[in-house]
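Report on one structure; see the data block that follows.
The values are calculated or read from the model by the stated rules, or taken from the named source; none is laboratory data. In this text the structure is predicted, and so the values were computed from the model without any measurement. Cβ: placed from backbone, ideal geometry, glycine included. Neighbour counts: every protein chain shown. For accessibility, only protein heavy atoms count, side chains too; no ligands or nucleic acids. Shrake-Rupley method; radii C 1.70, N 1.55, O 1.52, S 1.80 Å.
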Amino acid sequence: MLQKIPINGTAKQICFGLITLLIYVSMGFSRNYVAFLCHQLDQPDSKIHLNNDEKTWIASGSALLGPIGCIASGFLTDVIGRRSCILIMFVPFIISWAMISVATSYQIIFVALVISGGASGIGQSITPYVSEISTAKYRGLLLALVDVTLNFGVIISSFLMYFFKWNIVAIIFTVMSFVSLFLTFILPESPVWLYSKGKKDQAIEVLVALRSKSRNELEDEIIDMELALEAIDKKEGGMMKKCFLAWRQFLIVNLLSFLITLAGPLIFLSYTVLIIDELKTPYDGSTLAVIYSIAGFCGSFLTPFFMHNFKRKVALTVSAGGMTISMLGVSLYEFFYLESEYKPCAWIVPTLLCAYNILENMAVFPLSFVIGGELFPLEVRGTLQGFFGCLAWISWAVSLKYYLNVMFYFGIRTMLWCLTVACALIVLFAIFILPETHGKTLNEIQEEYFSKKKKKSDCTI
(Lines give C-alpha, C1' and ligand atoms only; values in the text may rest on other atoms or scores of the structure.)
Protein backbone atom coordinates (compact mmCIF):
# COMPACT_ATOMS: atom_id res chain seq x y z
CA MET A 1 0.00 0.00 0.00
CA LEU A 2 2.81 2.39 0.93
CA GLN A 3 4.54 1.89 -2.42
CA LYS A 4 1.36 2.90 -4.27
CA ILE A 5 1.25 6.39 -2.74
CA PRO A 6 2.40 8.59 -5.69
CA ILE A 7 4.49 11.16 -3.78
CA ASN A 8 8.21 11.48 -3.09
CA GLY A 9 9.96 10.57 0.14
CA THR A 10 10.00 14.08 1.62
CA ALA A 11 6.28 14.51 1.02
CA LYS A 12 5.60 11.11 2.60
CA GLN A 13 7.56 12.06 5.72
CA ILE A 14 5.55 15.25 6.10
CA CYS A 15 2.22 13.59 5.24
CA PHE A 16 2.64 10.71 7.71
CA GLY A 17 4.08 13.05 10.34
CA LEU A 18 1.03 15.31 10.11
CA ILE A 19 -1.40 12.39 10.31
CA THR A 20 0.41 11.16 13.42
CA LEU A 21 0.31 14.61 14.96
CA LEU A 22 -3.49 14.68 14.73
CA ILE A 23 -3.22 13.11 18.17
CA TYR A 24 -1.88 16.39 19.49
CA VAL A 25 -4.86 18.18 17.98
CA SER A 26 -7.04 15.94 20.17
CA MET A 27 -4.82 16.70 23.18
CA GLY A 28 -5.19 20.41 22.43
CA PHE A 29 -8.98 20.02 22.52
CA SER A 30 -8.96 18.73 26.08
CA ARG A 31 -6.35 21.15 27.44
CA ASN A 32 -8.19 24.34 26.52
CA TYR A 33 -11.67 22.90 26.90
CA VAL A 34 -11.47 22.96 30.71
CA ALA A 35 -10.74 26.71 30.87
CA PHE A 36 -14.02 27.53 29.10
CA LEU A 37 -15.93 24.65 30.69
CA CYS A 38 -15.45 26.03 34.21
CA HIS A 39 -16.52 29.47 33.00
CA GLN A 40 -19.69 28.13 31.33
CA LEU A 41 -20.63 26.07 34.39
CA ASP A 42 -20.38 29.26 36.49
CA GLN A 43 -23.21 30.86 34.51
CA PRO A 44 -26.64 31.17 36.23
CA ASP A 45 -28.42 29.08 33.57
CA SER A 46 -26.03 26.12 33.97
CA LYS A 47 -27.51 22.90 35.35
CA ILE A 48 -24.14 21.92 36.81
CA HIS A 49 -22.27 24.23 39.21
CA LEU A 50 -18.74 23.87 40.59
CA ASN A 51 -17.05 25.14 43.74
CA ASN A 52 -13.37 26.17 43.70
CA ASP A 53 -12.15 22.73 44.83
CA GLU A 54 -14.17 20.99 42.09
CA LYS A 55 -12.70 23.39 39.51
CA THR A 56 -9.17 22.37 40.46
CA TRP A 57 -10.13 18.69 40.28
CA ILE A 58 -11.72 19.22 36.87
CA ALA A 59 -8.54 20.92 35.63
CA SER A 60 -6.17 18.32 37.11
CA GLY A 61 -8.44 15.35 36.33
CA SER A 62 -7.15 15.10 32.77
CA ALA A 63 -3.65 14.54 34.18
CA LEU A 64 -4.49 11.89 36.79
CA LEU A 65 -4.56 8.86 34.48
CA GLY A 66 -1.86 10.27 32.21
CA PRO A 67 1.04 8.63 34.13
CA ILE A 68 -0.51 5.17 33.76
CA GLY A 69 -1.16 5.81 30.06
CA CYS A 70 2.47 6.88 29.61
CA ILE A 71 3.93 3.78 31.25
CA ALA A 72 1.53 1.54 29.30
CA SER A 73 2.42 3.25 26.03
CA GLY A 74 6.13 2.97 26.81
CA PHE A 75 5.99 -0.81 27.06
CA LEU A 76 3.40 -1.20 24.30
CA THR A 77 5.38 0.80 21.74
CA ASP A 78 8.44 -1.39 22.33
CA VAL A 79 6.41 -4.63 22.31
CA ILE A 80 3.53 -4.28 19.79
CA GLY A 81 4.88 -1.37 17.74
CA ARG A 82 4.58 2.42 17.45
CA ARG A 83 1.68 2.44 14.97
CA SER A 84 -0.44 -0.05 16.92
CA CYS A 85 -0.10 2.00 20.09
CA ILE A 86 -1.19 5.16 18.27
CA LEU A 87 -4.31 3.38 17.01
CA ILE A 88 -5.19 2.19 20.52
CA MET A 89 -4.95 5.73 21.86
CA PHE A 90 -7.98 7.07 19.99
CA VAL A 91 -10.43 4.67 21.67
CA PRO A 92 -10.39 6.33 25.14
CA PHE A 93 -10.51 9.76 23.47
CA ILE A 94 -13.74 8.82 21.69
CA ILE A 95 -15.20 7.35 24.90
CA SER A 96 -14.35 10.43 26.99
CA TRP A 97 -15.83 12.98 24.59
CA ALA A 98 -18.97 10.86 24.17
CA MET A 99 -19.36 10.76 27.98
CA ILE A 100 -18.98 14.54 28.30
CA SER A 101 -21.54 15.16 25.55
CA VAL A 102 -24.25 13.42 27.65
CA ALA A 103 -22.96 14.36 31.13
CA THR A 104 -25.51 15.49 33.73
CA SER A 105 -23.19 15.87 36.73
CA TYR A 106 -19.75 16.99 37.83
CA GLN A 107 -18.77 13.37 38.54
CA ILE A 108 -19.39 12.22 34.94
CA ILE A 109 -17.37 15.13 33.53
CA PHE A 110 -14.54 14.41 35.95
CA VAL A 111 -14.38 10.69 35.06
CA ALA A 112 -14.47 11.52 31.33
CA LEU A 113 -11.58 13.97 31.68
CA VAL A 114 -9.59 11.36 33.62
CA ILE A 115 -10.11 8.91 30.72
CA SER A 116 -9.09 11.63 28.27
CA GLY A 117 -5.88 12.14 30.26
CA GLY A 118 -5.13 8.43 29.96
CA ALA A 119 -5.46 8.74 26.18
CA SER A 120 -3.12 11.72 26.14
CA GLY A 121 -0.64 9.71 28.20
CA ILE A 122 -0.66 6.94 25.60
CA GLY A 123 0.05 9.70 23.09
CA GLN A 124 3.64 9.83 24.42
CA SER A 125 4.35 7.15 21.80
CA ILE A 126 4.12 9.77 19.07
CA THR A 127 7.53 11.40 19.31
CA PRO A 128 9.55 8.16 18.95
CA TYR A 129 7.47 7.29 15.88
CA VAL A 130 7.94 10.70 14.25
CA SER A 131 11.68 10.59 15.03
CA GLU A 132 12.02 7.16 13.45
CA ILE A 133 10.17 7.81 10.18
CA SER A 134 12.10 11.05 9.63
CA THR A 135 15.56 11.75 8.24
CA ALA A 136 17.96 13.89 10.29
CA LYS A 137 17.28 16.78 7.90
CA TYR A 138 13.53 16.89 8.59
CA ARG A 139 13.29 15.37 12.09
CA GLY A 140 13.52 18.70 13.90
CA LEU A 141 10.97 20.27 11.56
CA LEU A 142 8.42 17.48 12.01
CA LEU A 143 8.87 17.29 15.78
CA ALA A 144 8.45 21.06 15.92
CA LEU A 145 5.00 20.60 14.38
CA VAL A 146 3.94 18.92 17.64
CA ASP A 147 3.39 22.39 19.07
CA VAL A 148 1.61 23.67 15.94
CA THR A 149 -0.91 20.82 16.02
CA LEU A 150 -1.37 21.07 19.80
CA ASN A 151 -2.12 24.77 19.51
CA PHE A 152 -4.34 24.13 16.52
CA GLY A 153 -6.45 21.94 18.80
CA VAL A 154 -6.38 24.66 21.47
CA ILE A 155 -7.57 27.37 19.08
CA ILE A 156 -10.33 25.16 17.63
CA SER A 157 -11.47 24.43 21.18
CA SER A 158 -11.40 28.15 22.08
CA PHE A 159 -13.52 29.22 19.12
CA LEU A 160 -16.04 26.39 19.48
CA MET A 161 -16.40 26.96 23.23
CA TYR A 162 -16.80 30.70 22.65
CA PHE A 163 -19.80 30.17 20.35
CA PHE A 164 -21.31 26.85 21.52
CA LYS A 165 -22.26 25.10 24.75
CA TRP A 166 -19.79 22.65 26.25
CA ASN A 167 -21.88 19.52 25.50
CA ILE A 168 -22.32 20.46 21.81
CA VAL A 169 -18.58 20.97 21.49
CA ALA A 170 -18.00 17.52 23.03
CA ILE A 171 -20.15 15.95 20.28
CA ILE A 172 -18.06 17.74 17.62
CA PHE A 173 -14.84 16.47 19.23
CA THR A 174 -16.21 12.90 19.29
CA VAL A 175 -16.76 13.02 15.51
CA MET A 176 -13.33 14.56 14.89
CA SER A 177 -11.65 11.84 16.96
CA PHE A 178 -13.34 9.19 14.79
CA VAL A 179 -11.98 10.88 11.65
CA SER A 180 -8.46 10.99 13.10
CA LEU A 181 -8.68 7.28 13.97
CA PHE A 182 -9.56 6.32 10.39
CA LEU A 183 -6.69 8.40 8.97
CA THR A 184 -4.22 6.67 11.28
CA PHE A 185 -4.85 3.32 9.56
CA ILE A 186 -2.80 4.41 6.52
CA LEU A 187 0.39 4.93 8.58
CA PRO A 188 3.26 2.43 8.12
CA GLU A 189 4.99 0.84 11.09
CA SER A 190 8.29 2.43 12.11
CA PRO A 191 11.13 0.82 10.08
CA VAL A 192 13.47 1.42 13.03
CA TRP A 193 11.18 -0.53 15.39
CA LEU A 194 10.83 -3.36 12.85
CA TYR A 195 14.62 -3.53 12.52
CA SER A 196 15.05 -3.66 16.30
CA LYS A 197 12.70 -6.66 16.44
CA GLY A 198 14.74 -8.65 13.92
CA LYS A 199 12.32 -8.01 11.03
CA LYS A 200 15.10 -6.60 8.90
CA ASP A 201 13.68 -7.42 5.47
CA GLN A 202 10.31 -5.90 6.38
CA ALA A 203 12.02 -2.84 7.87
CA ILE A 204 14.04 -2.25 4.70
CA GLU A 205 10.93 -2.75 2.57
CA VAL A 206 9.05 -0.10 4.57
CA LEU A 207 12.06 2.24 4.47
CA VAL A 208 12.38 1.91 0.68
CA ALA A 209 8.68 2.72 0.26
CA LEU A 210 8.82 5.53 2.80
CA ARG A 211 11.81 7.25 1.19
CA SER A 212 10.77 6.43 -2.42
CA LYS A 213 14.35 5.30 -3.10
CA SER A 214 16.11 2.05 -3.95
CA ARG A 215 17.78 -0.11 -1.32
CA ASN A 216 21.23 0.82 -2.61
CA GLU A 217 20.48 4.53 -2.16
CA LEU A 218 19.47 3.87 1.46
CA GLU A 219 22.53 1.84 2.41
CA ASP A 220 23.87 4.54 4.74
CA GLU A 221 20.55 4.85 6.59
CA ILE A 222 20.28 1.06 6.93
CA ILE A 223 23.81 0.90 8.37
CA ASP A 224 22.88 3.75 10.73
CA MET A 225 19.91 1.73 12.06
CA GLU A 226 22.20 -1.26 12.62
CA LEU A 227 24.79 0.83 14.49
CA ALA A 228 22.12 2.49 16.63
CA LEU A 229 20.85 -0.92 17.68
CA GLU A 230 24.33 -2.29 18.35
CA ALA A 231 25.27 0.67 20.56
CA ILE A 232 22.93 -0.48 23.32
CA ASP A 233 22.87 -4.20 22.39
CA LYS A 234 26.54 -4.47 23.27
CA LYS A 235 25.62 -3.71 26.87
CA GLU A 236 24.81 -6.82 28.88
CA GLY A 237 21.53 -7.23 30.75
CA GLY A 238 17.79 -7.02 30.14
CA MET A 239 15.62 -4.11 29.11
CA MET A 240 15.45 -2.50 32.56
CA LYS A 241 19.25 -2.52 32.92
CA LYS A 242 19.54 -0.92 29.50
CA CYS A 243 17.07 1.73 30.65
CA PHE A 244 19.33 2.48 33.63
CA LEU A 245 22.29 2.89 31.28
CA ALA A 246 20.50 5.93 29.83
CA TRP A 247 20.14 7.63 33.23
CA ARG A 248 21.83 10.85 32.08
CA GLN A 249 19.48 11.30 29.11
CA PHE A 250 16.52 10.49 31.35
CA LEU A 251 17.63 13.04 33.95
CA ILE A 252 18.09 15.79 31.36
CA VAL A 253 14.69 15.24 29.77
CA ASN A 254 12.83 15.16 33.11
CA LEU A 255 14.61 18.19 34.51
CA LEU A 256 13.61 20.24 31.48
CA SER A 257 10.01 19.02 31.74
CA PHE A 258 9.88 19.86 35.46
CA LEU A 259 11.16 23.40 34.90
CA ILE A 260 8.66 23.96 32.08
CA THR A 261 5.84 22.80 34.36
CA LEU A 262 6.96 25.32 37.01
CA ALA A 263 7.07 28.05 34.35
CA GLY A 264 3.29 27.75 33.97
CA PRO A 265 2.26 27.09 30.33
CA LEU A 266 -0.29 24.48 31.40
CA ILE A 267 -1.52 26.65 34.27
CA PHE A 268 -2.42 29.47 31.90
CA LEU A 269 -3.86 27.04 29.37
CA SER A 270 -6.20 25.41 31.89
CA TYR A 271 -7.12 28.47 33.95
CA THR A 272 -6.94 31.23 31.33
CA VAL A 273 -10.28 32.89 32.10
CA LEU A 274 -9.91 32.50 35.86
CA ILE A 275 -6.39 34.00 35.95
CA ILE A 276 -7.34 36.90 33.69
CA ASP A 277 -10.31 37.68 35.95
CA GLU A 278 -8.00 37.51 38.99
CA LEU A 279 -5.68 40.07 37.36
CA LYS A 280 -8.67 42.46 37.32
CA THR A 281 -8.12 43.69 33.79
CA PRO A 282 -10.88 45.92 32.36
CA TYR A 283 -11.45 43.40 29.54
CA ASP A 284 -13.74 40.39 29.16
CA GLY A 285 -11.97 37.23 30.34
CA SER A 286 -13.45 34.92 27.68
CA THR A 287 -12.48 37.29 24.86
CA LEU A 288 -8.92 37.59 26.16
CA ALA A 289 -8.75 33.79 26.50
CA VAL A 290 -9.53 33.43 22.79
CA ILE A 291 -6.90 36.06 21.92
CA TYR A 292 -4.42 34.26 24.19
CA SER A 293 -5.00 30.96 22.37
CA ILE A 294 -4.61 32.72 18.99
CA ALA A 295 -1.27 34.13 20.20
CA GLY A 296 -0.09 30.62 21.14
CA PHE A 297 -1.17 29.28 17.76
CA CYS A 298 0.74 32.06 15.97
CA GLY A 299 3.79 31.38 18.13
CA SER A 300 3.71 27.70 17.22
CA PHE A 301 4.22 28.63 13.56
CA LEU A 302 7.61 30.01 14.56
CA THR A 303 8.53 26.63 16.07
CA PRO A 304 9.45 24.88 12.79
CA PHE A 305 11.62 27.86 11.82
CA PHE A 306 13.48 27.88 15.15
CA MET A 307 13.80 24.10 15.46
CA HIS A 308 14.90 23.60 11.84
CA ASN A 309 17.37 26.48 11.55
CA PHE A 310 18.80 27.06 15.03
CA LYS A 311 20.68 24.92 17.49
CA ARG A 312 18.65 23.59 20.41
CA LYS A 313 20.55 25.70 22.95
CA VAL A 314 19.97 28.92 21.01
CA ALA A 315 16.27 28.22 20.44
CA LEU A 316 15.61 27.38 24.10
CA THR A 317 17.63 30.34 25.42
CA VAL A 318 15.82 32.87 23.21
CA SER A 319 12.40 31.39 23.92
CA ALA A 320 12.83 31.08 27.71
CA GLY A 321 14.59 34.44 27.93
CA GLY A 322 11.64 36.14 26.23
CA MET A 323 9.23 34.37 28.59
CA THR A 324 11.23 35.60 31.58
CA ILE A 325 11.10 39.22 30.40
CA SER A 326 7.36 39.00 29.64
CA MET A 327 6.46 37.44 32.99
CA LEU A 328 8.72 39.87 34.84
CA GLY A 329 6.82 42.73 33.20
CA VAL A 330 3.46 41.28 34.28
CA SER A 331 4.76 40.71 37.83
CA LEU A 332 6.06 44.27 38.17
CA TYR A 333 2.87 45.80 36.75
CA GLU A 334 0.63 43.81 39.09
CA PHE A 335 2.94 44.54 42.04
CA PHE A 336 2.14 48.24 41.68
CA TYR A 337 -1.36 48.28 40.19
CA LEU A 338 -3.24 45.07 41.08
CA GLU A 339 -5.47 46.75 43.69
CA SER A 340 -5.49 50.15 42.00
CA GLU A 341 -8.81 51.47 40.69
CA TYR A 342 -6.95 53.28 37.94
CA LYS A 343 -4.80 51.00 35.79
CA PRO A 344 -2.57 53.00 33.45
CA CYS A 345 -1.97 51.38 30.05
CA ALA A 346 -4.20 48.41 31.01
CA TRP A 347 -3.34 46.76 27.69
CA ILE A 348 0.20 46.02 28.96
CA VAL A 349 -0.73 42.89 30.94
CA PRO A 350 -2.76 41.16 28.17
CA THR A 351 -0.05 42.05 25.65
CA LEU A 352 2.74 40.63 27.82
CA LEU A 353 0.73 37.46 28.48
CA CYS A 354 0.24 36.98 24.75
CA ALA A 355 3.97 37.55 24.23
CA TYR A 356 4.67 34.96 26.95
CA ASN A 357 2.45 32.44 25.11
CA ILE A 358 4.03 33.18 21.72
CA LEU A 359 7.57 32.83 23.10
CA GLU A 360 6.73 29.66 25.05
CA ASN A 361 5.38 28.03 21.90
CA MET A 362 8.46 28.97 19.87
CA ALA A 363 10.76 26.45 21.54
CA VAL A 364 10.24 25.88 25.29
CA PHE A 365 7.12 23.72 25.21
CA PRO A 366 7.97 21.93 21.92
CA LEU A 367 11.39 20.87 23.22
CA SER A 368 9.77 19.08 26.17
CA PHE A 369 8.27 16.68 23.58
CA VAL A 370 11.17 16.62 21.11
CA ILE A 371 14.20 16.02 23.30
CA GLY A 372 13.20 12.54 24.56
CA GLY A 373 12.62 11.24 21.05
CA GLU A 374 16.17 12.34 20.19
CA LEU A 375 18.14 11.40 23.32
CA PHE A 376 16.67 8.03 24.35
CA PRO A 377 18.43 4.96 22.86
CA LEU A 378 16.62 2.96 20.19
CA GLU A 379 15.96 -0.35 21.94
CA VAL A 380 14.37 1.24 25.02
CA ARG A 381 13.13 4.49 23.46
CA GLY A 382 9.45 3.70 23.90
CA THR A 383 9.89 2.48 27.49
CA LEU A 384 11.92 5.51 28.56
CA GLN A 385 9.50 7.84 26.80
CA GLY A 386 6.72 6.17 28.76
CA PHE A 387 8.48 6.62 32.12
CA PHE A 388 9.33 10.20 31.22
CA GLY A 389 5.71 10.87 30.30
CA CYS A 390 4.55 9.32 33.56
CA LEU A 391 6.68 11.70 35.65
CA ALA A 392 5.70 14.63 33.44
CA TRP A 393 1.99 13.92 33.87
CA ILE A 394 2.37 13.59 37.63
CA SER A 395 4.06 16.99 37.81
CA TRP A 396 1.36 18.46 35.55
CA ALA A 397 -1.41 17.02 37.74
CA VAL A 398 0.19 18.35 40.93
CA SER A 399 0.79 21.79 39.42
CA LEU A 400 -2.76 22.05 38.05
CA LYS A 401 -4.20 21.02 41.43
CA TYR A 402 -2.00 23.11 43.70
CA TYR A 403 -0.54 26.01 41.70
CA LEU A 404 -3.96 27.63 41.74
CA ASN A 405 -4.04 27.24 45.54
CA VAL A 406 -0.95 29.44 45.61
CA MET A 407 -3.05 32.09 43.87
CA PHE A 408 -6.05 31.56 46.18
CA TYR A 409 -4.07 31.56 49.45
CA PHE A 410 -1.01 33.72 48.73
CA GLY A 411 -2.33 35.94 45.97
CA ILE A 412 -1.81 36.27 42.23
CA ARG A 413 1.35 38.34 42.77
CA THR A 414 3.14 35.44 44.50
CA MET A 415 2.18 33.06 41.69
CA LEU A 416 3.48 35.46 39.05
CA TRP A 417 6.85 35.79 40.79
CA CYS A 418 7.13 31.99 41.01
CA LEU A 419 6.50 31.75 37.26
CA THR A 420 9.13 34.43 36.56
CA VAL A 421 11.83 32.59 38.55
CA ALA A 422 10.97 29.29 36.82
CA CYS A 423 11.34 30.89 33.37
CA ALA A 424 14.77 32.22 34.36
CA LEU A 425 15.83 28.73 35.49
CA ILE A 426 15.02 27.36 32.03
CA VAL A 427 17.46 29.90 30.54
CA LEU A 428 20.21 28.60 32.85
CA PHE A 429 19.32 25.01 31.89
CA ALA A 430 19.62 25.87 28.19
CA ILE A 431 23.03 27.46 28.65
CA PHE A 432 24.69 24.96 30.98
CA ILE A 433 22.93 21.58 30.69
CA LEU A 434 20.97 21.04 27.47
CA PRO A 435 22.88 18.76 25.02
CA GLU A 436 23.03 19.80 21.37
CA THR A 437 21.17 17.43 19.02
CA HIS A 438 20.39 19.70 16.09
CA GLY A 439 21.34 18.22 12.71
CA LYS A 440 22.66 14.94 14.16
CA THR A 441 21.41 11.46 13.29
CA LEU A 442 19.89 9.39 16.09
CA ASN A 443 22.93 7.12 15.95
CA GLU A 444 25.35 10.05 16.35
CA ILE A 445 23.41 11.24 19.40
CA GLN A 446 23.53 7.74 20.93
CA GLU A 447 27.24 7.35 20.32
CA GLU A 448 27.93 10.42 22.45
CA TYR A 449 26.54 8.55 25.46
CA PHE A 450 27.48 4.93 24.77
CA SER A 451 30.74 5.12 22.85
CA LYS A 452 33.88 4.64 24.94
CA LYS A 453 35.43 7.42 22.88
CA LYS A 454 32.91 10.15 23.71
CA LYS A 455 34.17 13.65 23.20
CA LYS A 456 34.10 15.55 26.47
CA SER A 457 33.05 18.71 24.69
CA ASP A 458 29.87 17.03 23.47
CA CYS A 459 28.81 15.83 26.90
CA THR A 460 27.03 18.52 28.89
CA ILE A 461 25.97 16.62 32.00
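Per-structure values
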{"item": "Estimated inter-spin distance, Q202 and L18, nm [label 7 Å along Cα→Cβ]", "result": "2.9 nm"}
{"item": "Extension gain, Q43 back to E226 (0.36 nm per residue minus Cα-Cα distance, nm)", "result": "59.9 nm"}
{"item": "Stretchable slack from Y402 to K311, in nm (0.36 nm times residue separation minus alpha-carbon distance)", "result": "29.3 nm"}
{"item": "Degrees, to the nearest 10: 381-410 long Cα axis against longest axis of the chain", "result": "10 degrees"}
{"item": "Pairwise FRET efficiency - I186 versus S340, Cβ, R0 = 51 Å, nearest 0.05", "result": "0.35"}
{"item": "On Cα atoms only, tilt of 348-359 relative to the major axis of the chain in degrees", "result": "10 degrees"}
{"item": "Listed peptides 417-425, 398-406 by packing density, highest first (mean Cβ within 10 Å)", "result": "417-425, 398-406"}
{"item": "Local electrostatic count, V427, Cβ distance below 14 Å [Lys/Arg +1, Asp/Glu -1]", "result": "+1"}
{"item": "Convex hull volume per residue for segment 14-83, taking Cα atoms only, in Å³", "result": "109 Å³"}
{"item": "In Hz, Karplus ³J(HN,Hα) per residue of segment 68-80 (6.51, -1.76, 1.60; θ = phi - 60°; x = Gly, Pro)", "result": "5, x, 5, 5, 4, 5, x, 6, 5, 5, 7, 9, 9"}
{"item": "Contact order normalised by residue count of the chain, Cα under 8 Å, 6+ apart, percent", "result": "26 percent"}
{"item": "Phi to ³J(HN,Hα) by Karplus 6.51 cos²θ - 1.76 cosθ + 1.60 over segment 274-281, Hz, x for Gly, Pro", "result": "4, 5, 4, 5, 5, 6, 6, 6"}
{"item": "C-alpha long axis of helix 106-122 to longest principal axis of the chain, angle in °", "result": "30 degrees"}
{"item": "Structure-based [θ]222 nm, the chain - -39500 (n - 2.57) summed over DSSP H runs of at least 4, per residue, nearest 500", "result": "-25000 deg cm²/dmol"}
{"item": "FRET efficiency for I325 and N216, using Cβ-Cβ distance with R0 set to 45 Å, rounded to 0.05", "result": "0.30"}
{"item": "Ranked by how many other beta carbons lie within 10 Å on average, peptides 303-311, 326-334, 279-287 from highest", "result": "326-334, 303-311, 279-287"}
{"item": "Förster radius 25 Å - calculated FRET efficiency between F159 and D53, Cβ distance, rounded to 0.05", "result": "0.30"}
{"item": "Cα-based shape type of the chain, given that a ≥ b ≥ c are square roots of the gyration tensor eigenvalues and the cut on a/c is 1.5", "result": "prolate"}
{"item": "For segment 20-28, Karplus couplings with θ = phi - 60° (6.51, -1.76, 1.60), whole Hz, Gly/Pro x", "result": "4, 6, 4, 4, 6, 4, 4, 5, x"}
{"item": "Cα-centre dipole for segment 181-326 with unit charges at Cβ (Lys and Arg positive, Asp and Glu negative), debye to 20", "result": "380 debye"}
{"item": "Per residue value of the accessible surface for segment 18-78 (all protein chains in place, 1.4 Å probe), Å²", "result": "33 Å²"}
{"item": "Net lengthening on full extension, V79/A11 (0.36 nm per residue, minus Cα-Cα)", "result": "21.6 nm"}
{"item": "Rounded, prolate or oblate (a/c below 1.5 giving rounded, otherwise prolate when a/b exceeds b/c) for segment 96-197 by Cα gyration tensor", "result": "prolate"}
{"item": "Prolate/oblate/rounded label for segment 316-408 (Cα gyration tensor, a/c 1.5)", "result": "oblate"}
{"item": "Sulfur and carbon atoms: percent of accessible area, the chain [1.4 Å]", "result": "68 percent"}
{"item": "Over 28 Å between alpha carbons, listed pairs K199/K313; K213/K440; K137/K200; K165/K401", "result": "K199/K313"}
